[in-house]
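Below is one structure; the comments refer to it alone.
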């Protein structure tokens, strides 16, 4: 057996932590030889994965995600779980801020032996960041973390990425008027398996109002939804809306009971397995798409002419469809009926 | 000069109509030699295009789009305009229904010499249908139609396609509670340059309530919007919300005055030109993407192994990232850092 696989799956404590960190560093490398090793490592780890509860946590900046995750993590560890915290933050490349931020904010959780906290990889694009996070999740699962929390910063597309790699997507909301409208607008509400109104201790009356509003919005969205887009069988699960205080730790029992009820139901009716299979296929498809685009843009003929052709299209001298066909042909892609 | 270009740009009446129909049939053909001719024709027509007002009309089925478009078309022709009506309906391939439907519903408009009505092409995918409609729009412009109405059926993604090829996107709404929430959820409200509450004659009180609700929702969406996604400079244009009756023809003056005000403002501040340039580039990019996917899926190595590899990914035997890299390499796409 590969010594890294051995160390990840069959050791504990600091030896295991070092092996996890080493594996994730390898996964995050962009060197071709590292990538080949990473592919081999992942394939070897795969039989040891899949046994955690994968929980996506989303919400706008300021909603209190880090405090909630820290409180939840400590709560779960006190009940015998091992908790890994991963993040998707495509902006971390630019700001570098979230890495320091995570460590500072989750001081209590990160001091616990049963917790593993990894900041967002800073490999640039959302697709790249999401891929590294998915792979880090598999490493944590192989190491026996039975709850993986994947946090997203509220910048739009990363919610879809997190929802696409977790078993349950939790949306944190503020008890503010309009916060729900924003989530509906961005399509995030539709992804939610559970909506949690945080900071309910600070504005209890507003939190109760928000709870009623969001319940009613979810009902309307559910009734009018395009059946294809509906994630929830109406007979089986209506997204719950609960109030908590991440800071005071109030509502965690109710939260965790919602989560385990959902997980048990989805396991029993086969939807958990189907969701994970669908996610794996979609992940492969997304990587193929981005690989195709990269190959196209790196082709010498495209590099030589793309700017000039784009300029002609912009100036209205060349129809976009003709330009696309010319570029594809120049890059050696067989002409096909489009 | 190409005789078809000559007939489209410099004749009128039935000779022109035949030339337009011939050109559009050529554009809709999937034969490679036809496509080469179509590219040549489009390039030749391009200097004659761009002089129409391109108006997208969207709304859920039952909102009264066809009646509104017919009434508007007749109204505009009475005021000296020439009006082309195009449609995007990806479902028409399956049902075949919209072609008969359009002709039956727009009997009055289609009898007028100054109107040209073309049903949705039935070439399968949304991307294909949208491309054909965009190209047909250019043909109509070259033929001197100065208002092009592009209708979409309310099936989700076609709204984005129509918004991406028009100068102004009009959303028709019913005076029903919840219709606005649905539009917000689907991201269609965000695309709207103008919201029109139709059938205001039938439910006048509900229409007034809906108008106030939608105005308030647009204000909230505008305030909270991600600035990157905002189409409207707050200083310049707030999407208007007006009430009309397409059936009785009430409110058309106000509608048309909103449209011309918007067009004049966007022309003066340069946003119309910028929008069209951005649309042309985005169109080219979308065609390149779909061409790349088609080339990948048609590659013999991919055809031979995609099903088996997908099965391994689904069964958890192969990591999706490894599978994607293997398939890309087998299809001859250079391995790149992803």
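What to note about this one:
- Selection of helices (runs of 4 or more DSSP H) fully inside the stretch A:65-128 by the criterion of at least 3 residues being modelled with pLDDT under 75 returns A:92-95, A:97-105.
- Residue check, residue A:281 at the interface with another protein chain (Cβ under 7 Å from one of its Cβ atoms), under 35 Å from the mean Cα position of the chain (by Cα) and more than 27 Å from residue B:121 (Cβ to Cβ): yes
- Residue list for the stretch B:287-309, restricted to those being closer than 23 Å to residue A:281 by Cβ, surrounded by 14 or more Cβ atoms within 10 Å (Cβ to Cβ) and either within 12 Å of chain A (Cβ to nearest Cβ) or touching a strand residue (DSSP E or B) at 6+ places or on another chain (Cβ under 6 Å) (or both): B:289, B:290, B:291, B:292, B:293, B:294, B:295, B:296, B:299, B:302, B:306, B:309
- Of all the numbered requirements in (1) touching a residue at least 12 places away in the same chain (Cβ under 8 Å); (2) in contact with a helix residue (DSSP H, G or I) (Cβ under 6 Å, 6 or more places away or on another chain); (3) under 30 Å from residue B:30 (Cα atoms), residue B:299 misses one, and that requirement is (2).
- Restricting the stretch B:325-338 to residues that are at the interface with another protein chain (Cβ under 7 Å from one of its Cβ atoms) and modelled with pLDDT under 90, the residue that is surrounded by the most Cβ atoms within 10 Å (Cβ to Cβ): B:333
- The set of residues from the stretch B:314-324 being part of a helix (DSSP H, G or I) and surrounded by fewer than 22 Cβ atoms within 10 Å (Cβ to Cβ) comprises just one member, B:314.
- Single residue of the stretch B:32-61 satisfying the filter (under 30 Å from residue B:182 (Cα atoms) and in a loop (DSSP other than H, G, I, E, B)) that is nearest to the other protein chains (Cβ to nearest Cβ): B:60
- Boolean, residue A:24 is closer than 24 Å to residue B:324 by Cα and assigned to a helix (DSSP H, G or I): yes
- Of residues in the stretch B:181-203 being part of a helix (DSSP H, G or I) and touching a strand residue (DSSP E or B) at 6+ places or on another chain (Cβ under 8 Å), the one modelled with the lowest pLDDT: B:183
- Residue A:139 vs. criteria within 13 Å of chain B (Cβ to nearest Cβ), at pLDDT 80 or above and crowded, with 20+ Cβ neighbours inside 10 Å: yes
- On inspection, residue A:305 does not qualify as modelled with pLDDT under 90, assigned to a helix (DSSP H, G or I) and farther than 26 Å from residue A:173 by Cβ.
- Filtered residues of the stretch B:9-21 (kept if touching a helix residue (DSSP H, G or I) at 6+ places or on another chain (Cβ under 9 Å) and either assigned to a helix (DSSP H, G or I) or surrounded by 21 or more Cβ atoms within 10 Å (Cβ to Cβ) (or both)): B:9, B:10, B:15, B:16, B:18, B:19, B:20
- Verdict on residue A:170 being modelled with pLDDT of 75 or more and within 14 Å of chain B (Cβ to nearest Cβ): no
- Applying the condition of being on the phi > 0 side of the Ramachandran plot and surrounded by 13 or more Cβ atoms within 10 Å (Cβ to Cβ) to the stretch A:217-273 and asking which residue is modelled with the highest pLDDT yields A:251.
The values are calculated or read from the model by the stated rules, or taken from the named source; none is laboratory data. The shown structure was predicted, so the numbers you read here are calculated from the model rather than taken from an experiment. Backbone-built Cβ (ideal geometry, glycine too); neighbour counts: all protein chains shown.
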